[in-house]
Amino acid sequence: MALWDRLKESASSMQTQLMAKKNDLKSGAFRDASMAMCALVAAADGTVDPAERRRVAQLIATNEVLQNFPADDLRRRFEDNLNQLTTDFAFGKVSVLQEIAKAKKKPAEARAVIQIGIVIGGADGDFDKDERAVVREACYALDLPPHEFDL
């Protein structure tokens with residue numbers, strides 16, 4: 001199976017797993033961590049292009065799990081995290097990873113945050129090494145083993 005097919009299958013599987021947990025994913029910690037994860041993946045290569053912003057906006061608008069929260073609130077949180085990362089990536093990354101780490105108290109939420117990162121990273125069909133690296137770092141922040149997510 002080609003890498004692209006495996007990636008699409010993995011992102012689809014992650015989305016299915018998220019849907020199964022939709023009713024468990026309503027906390028503020030999950031909301032904040034998931035938007036921090038989206039920003040971290042979008043800025044992983046040091047730049048944020050308009051296509052990455054559109055992918056996150058589309059995820060916010062269409063993802064049933066994230067519809068537990070007001071879309072405008074999610075967008076604002078995403079943009080705030082993105083601003084921290086684009087102002088000073090190294091410093092912003094520390095802050096964003098701290099935001100992500102807030103979800104580690106609930107293992108289902110922590111896993112869902114990683115799954116959202118994989119869905120966003122794979123949305124363009126290329127879950128590149130920079131995106132994989134930041135999702136792996138988020139795994140460590142959440143006390144999750146990266147190999148559980150094939151990272």
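Which FRET efficiency value, to the nearest 0.05, do you get for Arg76 and Asp150 by plugging their Cβ-Cβ distance into 1/(1 + (r/R0)^6) with R0 = 25 Å?
Once the sixth-power term is evaluated, E becomes 0.20.
Step by step: find N for the range 42-151, compute 2.2 N^0.38 Å, then divide the Cα radius of gyration by it. What's the final number?
Normalised Rg, Cα atoms only: 1.00.
Throughout, read-outs are computed from the coordinates displayed, never taken from laboratory work. Everything numeric in this text was worked out from a predicted model, so none of it was measured. Positions of Cβ are generated from backbone atoms using ideal geometry, with glycine treated the same way; all protein chains shown enter the neighbour counts.
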